[in-house]
Amino acid sequence: MELNLTKPIAFFDLETTGLNIAKDRIVEFSVLKVTPEGEEIIKTSKINPTIPIPKEVSEIHGIYDKDVIDQPTFKQVAADLNQFLQNCDLAGYNALRFDIPLLVEEFLRAGVDFEMRNRRVVDVQNIFHRMEQRTLSAAYKFYCDKNLEDAHTAEADTIATYEVLKAQLDRYKETPLKDKKGNVFTPVVNDMKALSEFTARTKNADLTGQIIFNEKDEEVFNFGKFKGQRVVDVFNKEPQYYDWMMKSDFPLYTKKVIQELYFKSRPNPQGLIFK
């Protein structure tokens with residue numbers, strides 16, 4: 001179905017140095033502008049972010065420092081891109097939570113007052129999530145072709161979850177999946193260790209993902225100003241950060257983990273004090 005447009009709409013996507021709106025930078029953008037007359041104009045450009053691209057991020061999108069060293073900075077292309085997007089509505093996938101805030105941040109850093117008023121925004125991801133609900137009832141209907149009676153009662157939900165997992169094992173048996181690095185593997189197998197690894201968003205050191213393991217299986221912070229840094233290094237340099245965490249409203253299990261790491265960072269540990 002062709003789009004019913006009264007003004008141009010620009011579909012766009014960003015590749016970046018990371019996910020921090022305030023600190024990270026664009027390394028590539030692509031914009032597809034569709035006009036009410038049906039004309040499609042695409043503009044794609046790599047960008048020198050002026051800061052290093054973390055290796056783990058480059059392994060996801062395939063853009064390394066050497067690929068952007070001779071490319072223009074965002075400031076150098078900002079005026080032209082702003083003109084290209086003039087009078088356009090915007091569309092993207094997860095655009096409201098990430099792409100648009102980061103794009104506007106880059107414009108402002110470049111001294112361009114990118115105007116968002118009077119622009120309509122279409123987030124395709126939100127259409128997907130709202131129309132294809134990810135509730136247990138929806139999963140039970142999709143995988144088991146049954147309606148979930150007594151939804152939100154503990155026993156019914158527990159039994160339904162068990163049946164959904166068995167149905168998933170049947171549906172996705174020998175179904176390949178390509179990861180972000182291009183590797184093809186079969187993730188849904190009848191093995192709880194493999195399923196645990198596949199369904200984990202991060203490899204957590206605590207239960208809530210405040211502390212995660214890096215590629216070297218070292219505990220690193222997953223939040224705040226020390227995000228990505230080894231916990232023992234931070235505690236060794238700034239023990240007051242440990243004191244702040246212990247006095248703050250973190251879960252008890254997180255405090256248990258950081259206490260163990262705190263004493264691990266001490267040159268002469270005297271034993272744990274956590275109660």
Charges on Cβ only, +1 for Lys and Arg, -1 for Asp and Glu, centred on the Cα centroid of the range 105-178; of Thr161, Ala151, Ala139, which one is farthest towards the dipole's positive end? Ala139
How long are the semi-axes of the equivalent ellipsoid of the range 149-275, defined as square roots of 5 times the Cα gyration tensor eigenvalues? Whole Å, largest first. 37, 21, 12
Using the charge dipole of the chain (Lys, Arg: +1 at Cβ; Asp, Glu: -1 at Cβ; taken about the Cα centre), state which of Pro176, Asn126, Ile51 has its Cα farthest towards the positive end. Ile51
Which trypsin sites (Lys or Arg not before Pro) in the range 81-144 pass both tests, a DSSP loop state and at most 13 other beta-carbon atoms within 10 Å? Arg117, Arg120, Arg134
One checks the Cα atoms of the range 1-133 and finds Rg and Dmax, in Å, of 15.2, 45
Per the rule of 0.36 nm per residue minus the C-alpha distance, extending Asp170 to Lys193 adds in nm 6.5 nm
Length released on extending from Glu39 to Phe213, taking residue separation times 0.36 nm less the Cα-Cα span: 57.9 nm
At 0.36 nm per residue, and after removing the present C-alpha to C-alpha distance, how many nm does the segment from Ile127 to Phe185 gain when stretched out fully? 18.0 nm
Pairs of alpha-carbon atoms within less than 8 angstrom and 6+ residues apart define the contacts here; what relative contact order does the chain have, in percent? 10
For the range 122-152, run through the chymotrypsin sites (Phe, Trp or Tyr not before Pro) and keep only the ones in DSSP coil with at most 14 other Cβ atoms within 10 Å of their Cβ. none
Return Phe98, Phe185 ranked ascending by Cβ neighbour count within 10 Å, so the fewest neighbours appear first. Phe185, Phe98
Sorted by chain and number, the residues with a modelled amide H under 5 Å from that of Asp206, at a separation of 5 or more or across chains, are Ile211
Within 10 Å of each residue's Cβ, count the other Cβ atoms and sort Leu177, Leu14 from fewest upward. Leu177, Leu14
Gap in Å between the Cα centre of the range 189-247 and the Cα centre of the range 49-118? 29
Quick calc, Gln240 & Leu177: beta-carbon distance into FRET formula, R0 41 Å, rounding 0.05, result 0.40
Pseudo-spin-label distance Lys75 to Gln229, built 7 Å along Cα→Cβ, given in nm, is 2.7
Overall dimensions of the range 77-118 by Cα: Rg and Dmax, Å: 10.0, 26
Of the labelled options (1) 18.6, 57; (2) 22.2, 81; (3) 23.6, 74, which one gives Rg and Dmax of the Cα atoms in Å as computed for this structure? (3)
Inter-label distance, nm, simple model (7 Å from Cα along the C-beta direction), Glu2/Lys203: 5.2
Neighbour count of at most 16 Cβ within 10 Å plus DSSP loop: longest GluC sites (Glu not before Pro)-free window in the chain: 40-114
Could you compute the FRET efficiency for Lys46 and Tyr253, with r as their C-beta to C-beta distance and R0 at 41 Å, rounded to 0.05? 0.45
Using the Karplus curve 6.51 cos²θ - 1.76 cosθ + 1.60 with θ = phi - 60°, what ³J(HN,Hα) values do you get for each residue of the range 42-55, in whole Hz, with x for Gly and Pro? 10, 10, 10, 7, 7, 10, 6, x, 6, 9, x, 8, x, 4
Relative contact order (percent) for the range 9-128, with alpha-carbon contacts under 8 angstrom and 6 or more residues of separation? 26
Scalar couplings 3J(HN,Hα) for the range 74-79 by Karplus 6.51 cos²θ - 1.76 cosθ + 1.60 (θ = phi - 60°), nearest whole Hz, x for Gly and Pro, are 4, 4, 6, 10, 4, 5
Given charges of +1 on the Cβ of Lys and Arg and -1 on the Cβ of Asp and Glu, with all other atoms neutral, how large is the dipole of the chain about its Cα centre, in debye to the nearest 20? 800
Please list the three semi-axes, largest first and in whole Å, of the ellipsoid equivalent to the range 211-265, using sqrt of 5 times the eigenvalues of its alpha carbon gyration tensor. 16, 12, 11
Given backbone amide H placed at 1.01 Å from N, residues whose amide H is under 5 Å from that of Glu28, ignoring those fewer than 5 places away on the same chain, are Glu15, Ile47
Output row, site Thr135, 7 Å Cα→C-beta label point, backbone N cut-off 19 Å, window the range 156-198, residues 156-165
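Every read-out reported here was derived from the displayed coordinates using simple, explicitly stated rules and does not represent laboratory data. All values derive from a computational prediction rather than experimental measurement. Please note: Cβ atoms are built from the backbone with ideal geometry, for glycine as well, and neighbour counts cover all protein chains shown.
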